[in-house]
1. Let me see the P(r) profile for the range 300-362: every Cα-Cα distance counted, bins of 10 Å, each bin given as a percent of all pairs.
2. To the nearest 500 deg cm²/dmol, what mean residue ellipticity at 222 nm is calculated for the chain from DSSP H runs of n ≥ 4 alone, each contributing -39,500 (n - 2.57), summed and divided by the residues?
3. Hey, fewest Cβ within 10 Å first, where do F359, F27, F84 land in order?
4. Expressed as a rounded percentage, what relative contact order does the range 295-362 have, with Cα pairs under 8 Å and six or more residues apart?
5. Just to verify a number: FRET efficiency for W222 and E190, C-beta to C-beta distance, R0 = 25 Å, to 0.05?
6. Can you give the extra length, in nm with one decimal, that the chain gains between A81 and M248 once fully stretched, where that is 0.36 nm per residue apart less the Cα-Cα distance?
7. Rg/Rh for the range 218-357 to two decimals, with Rh computed the Kirkwood way over all alpha-carbon pairs.
8. Too long at a 23 Å Cα-Cα cut-off: which of K135/K300; K135/K224; K59/K335; K135/K335?
Amino acid sequence: MKYTPPLQNIPADIVCLDDYQRYAKEFLTHDIYEYIAAGVADEHTLHRNRSAFANIELKPRLLRDFSSASTQTTLLGHNLAHPFLLAPLGYQQLCHASGELATAIAADAMDTAMVVSTLATASLEDIAAQTDAPKWFQLYFQPQRADTSILIARAEAAGYSAIVVTVDAPLSGLRNRPQRAGFQIPPEIEAVNISPAQKLAGQNAILQQLMALAPQWQDLAWLKQQTQLPIIIKGVINPDDAVQLADMGMDGIIVSNHGGRCLDGLPASIDALPAIRDALGSDFPILLDSGIRRGSDIIKSIALGANAVLIGRPQAFSLAVAGALGVAHMLRLLKEELEITMALCGCPHIDDINRDCLFTSG
């Protein structure tokens, strides 16, 4: 696969996360760019993730004391320097030759927690060795429970401190833009931590084979017996599912529509969040992804009930443009935006952010 060499210096006109997406078109082949940037089907959910944030209005308070201001927060026993994490993102060698290893170096430099995908193109152990920041492992259940157990044991041994189970993507949605661009995972790009998946085709294969292998509620109960690590369930949109997950002892959830990449017609994650927070009460850990591009988006998410958010596509675009330097710069931009927005909203600490900070309170 042919790469455009990443930049050694950050261009002066990259001043926000969306600028990295603009630049990434120069560093990624068209088919790979479409694979990363696209949503599913008509992309209603993809666009809704952004427009929903734009429709939420901040309500600042004035003349607050900022003598001890901080972005630090605590989540599931982790002390986080700021309330955002790098979301699980597979096949990162599509963007940069060092893939997840470069992202982990950036996470370490910016003291940012990283969630490593089952579909990583570097080993769980090698990624973990690159960063002292908190590391979580995102698990896709394997067809055989023994293989799932091996992945969990490897993650534990390598120092990962939580398991994130993605449950909303038992198969890929119909992503028409990558289809039109002719995208396929190049043969040299491999998910090195798992055995090659068998390709299944046809409607019967989808309904009877792929979905038959998808995790069910009893699989989560089994997983709870396999590890002492906190288990966070990713891909929750329905409050009823959220309550059932909490009742069965899961340690947290991620409100997510998979970045608009799985099922079109879903609500924006941020629009689904308030009802889920109301259903679970104030203490249950909730994270959110899909559509976070600004520090103000983080404040809106926390105000509506999230404890923290995850950053997905921007890490791919910044990785493609400038490798580890790009990802670290992207994270610094987001941290600075968060700090400025907290200052202008009159919120010196993360705990000061609540629904009173919004005119549109959900």
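1. Cα pair-distance distribution for the range 300-362, in percent: 21, 41, 27, 11.
2. Numbers: 12 runs with 132 residues, N = 362.
Here the helix-only value at 222 nm equals -11000 deg cm²/dmol.
3. Listing F359, F27, F84 from fewest to most nearby Cβ atoms yields F359, F27, F84.
4. Details: 49 pairs, mean separation 31.8, N = 68.
Once divided by the residue count of the range 295-362, the mean separation gives 47 percent.
5. Numbers: r = 28 Å, r/R0 = 1.11.
It comes out at approximately 0.35.
6. Values: separation 167, 0.36 × 167 = 60.12 nm, distance 3.01 nm.
Here the answer is 57.1 nm.
7. On the way: Rg = 16.2 Å, Rh = 16.2 Å.
Value, to two decimals: 1.00.
8. Values: K135/K300 25 Å; K135/K224 19 Å; K59/K335 20 Å; K135/K335 19 Å.
As for pairs spanning more than 23 Å Cα to Cα, those are K135/K300.
Read the figures in this text as sums done on the coordinates, not as results from a lab. Everything numeric in this text was worked out from a predicted model, so none of it was measured. Heads up, the Cβs are rebuilt from the backbone with ideal geometry, glycines too, and the neighbour counts pull from every protein chain shown.
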